[in-house]
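Please find one structure pasted underneath; my questions will follow.
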């Protein structure tokens, strides 16, 4: 996996403002081993050589205090009930001018392997598309890389459509990247799903399953 600084300015965005009502707790604080989901995801981007990581949280989130020792940019979404696109809008307002792409990573997608990120960035640098999406078993998942060409469309996206609006507008610019990690197609929404993932993680089946 890459540990060198990224050649093209790419910013990672962890979307962690959801209430986690079905899980019964703030998802970013869920422990997987000794680290929370948010900590493991942020460490993955660091391992991939991305120094600029934004985490969007709800106003009452405990993540900023939990992760105070890490070099992250925390932003508050004042009204997360509007959906994930509102957190993306919050991040777009602070992106550095030289940012060429944004990697969107919902905090409940348990992907911790930097090789997934390396594959997305490699496809972007090779000019494969404006939306680079990981797939496993023919299914699309997360995290998703969106080039700066997508940013105006993200701002235009209706609340009830969200980032899918960009997929529709730039369908011809989507490039799928097959990856080894089956968890790109999974979200941890319920305690049952979390228990399944923890069992897999304990057995070493969190990044290498075909």
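Do the sum for the chain: with -39,500 (n - 2.57) for every DSSP H run of n ≥ 4, divided by all residues, what is the mean residue ellipticity at 222 nm, to the nearest 500 deg cm²/dmol?
One gets -8000 deg cm²/dmol as the mean residue ellipticity at 222 nm.
Full-extension gain between residue 196 and residue 22, please, as 0.36 nm times their residue separation minus the C-alpha to C-alpha distance.
Using 0.36 nm per residue and subtracting the Cα-Cα distance, I get 61.1 nm.
What is the pair-distance distribution P(r) of the chain, computed from all Cα-Cα distances in 5 Å bins starting at 0, with each bin given as a whole percent?
1, 7, 16, 21, 22, 18, 11, 4, 0
Moving to a separate point now. Compute the separation of the alpha-carbon centres of the stretch 179-203 and the stretch 26-83 and state it in Å as a whole number.
After rounding, the separation between the Cα centres reads 19 Å.
Here is a further query. Mind checking the full-extension length gain between residue 68 and residue 97? Use 0.36 nm per residue of separation minus the Cα-Cα distance, one decimal, nm.
Gain in length upon complete extension: 7.9 nm.
Can you list, bin by bin at 5 Å, the percent of alpha carbon pairs in the stretch 8-73, starting at 0?
4, 17, 30, 26, 15, 6, 2, 0
Here is a follow-up. Let me make sure I get this right: for the stretch 120-210, a, b and c are the square roots of the gyration tensor eigenvalues over alpha carbons, sorted descending. Under 1.5 in a/c it's rounded, otherwise prolate if a/b > b/c, else oblate. Which is it?
oblate
Read-outs: derived from the displayed coordinates by stated rules, not from any lab. Keep in mind that what you see is a predicted model, and the values were worked out from it rather than measured.
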